[in-house]
Each structure stands twice: as structure tokens, then as C-alpha cells.
Amino acid sequence: MRYVVNDTCIGCGLCEGTCPEIFSMSDEGTAVAKDEDVAEELLEKAAEAKEGCPVGAIEEA
């Protein structure tokens, strides 16, 4: 499974704080997801980041 961050991201940083192994902040101040499959041991943290996004900007790819 992979995640993507759509253009509704407000740059709150919650996803990076929850799962920094997958999400980071771009130079533009919005979140980006690594373009790779989420490792088994990170699936729960990545899903928590997706569910916690206040604007629903994280989607499964």
C-alpha cells in the first residue's frame, strides 16, 4: 500500500509527527508521502496519520 497527499493539505504537520517514516513536509510547507510501499511494521502508524488528517488530504494510492 502507498499513500499520496492531495492538494487540500494545509501543512499542519500531523502526519509527519505521527509517521515520519512515510510523511514529510515539503519546502512549500505541505506534506508529501514517500513514493514507496509502506512497510508492514508501519501500516498502523501510516493509517493513523491518514485518519488523523484534519482535512482528509491523505489518500491510498
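The values are calculated or read from the model by the stated rules, or taken from the named source; none is laboratory data. Values in this document were obtained by computation on a predicted structure and should not be read as measured data. Ligands, DNA and RNA are stripped out before the accessible areas are found, and what is left, the full protein with its side chains, is counted by its heavy atoms. Shrake-Rupley method; radii C 1.70, N 1.55, O 1.52, S 1.80 Å.
Could you tell me which label, among [x] 10.0, 30; [y] 26.7, 82; [z] 14.3, 46, carries the value of Rg and Dmax of the Cα atoms in Å calculated for this structure?
Given [x] 10.0, 30; [y] 26.7, 82; [z] 14.3, 46, the calculated one carries the label [x].
Using 0.36 nm times the number of residues separating M25 and M1, minus their current alpha carbon distance, what extension gain do you get?
Extra length available between M25 and M1 comes to 6.6 nm.
Tell me, what % of the accessible area of the chain is carbon and sulfur with a 1.4 angstrom probe?
Looking at the chain in its full context, I get 46 percent from C and S.
Given a 1.4 Å probe, how much area per residue of the chain is accessible, in Å²?
62
Tell me the relative contact order for the chain as a rounded percent, counting alpha carbon contacts under 8 Å between residues six or more apart.
Over the chain, the number comes to 48 percent.
What is the angle, in °, between the Cα long axis of helix 43-52 and the longest principal axis of the Cα atoms in the chain? Nearest 10 is fine, range 0 to 90.
That works out to roughly 30 degrees.
Grab the DSSP H runs of the chain that are 4 residues or longer, score each as -39,500 (n - 2.57), total them, divide by all residues and round the 222 nm result to the nearest 500 deg cm²/dmol.
-6500 deg cm²/dmol
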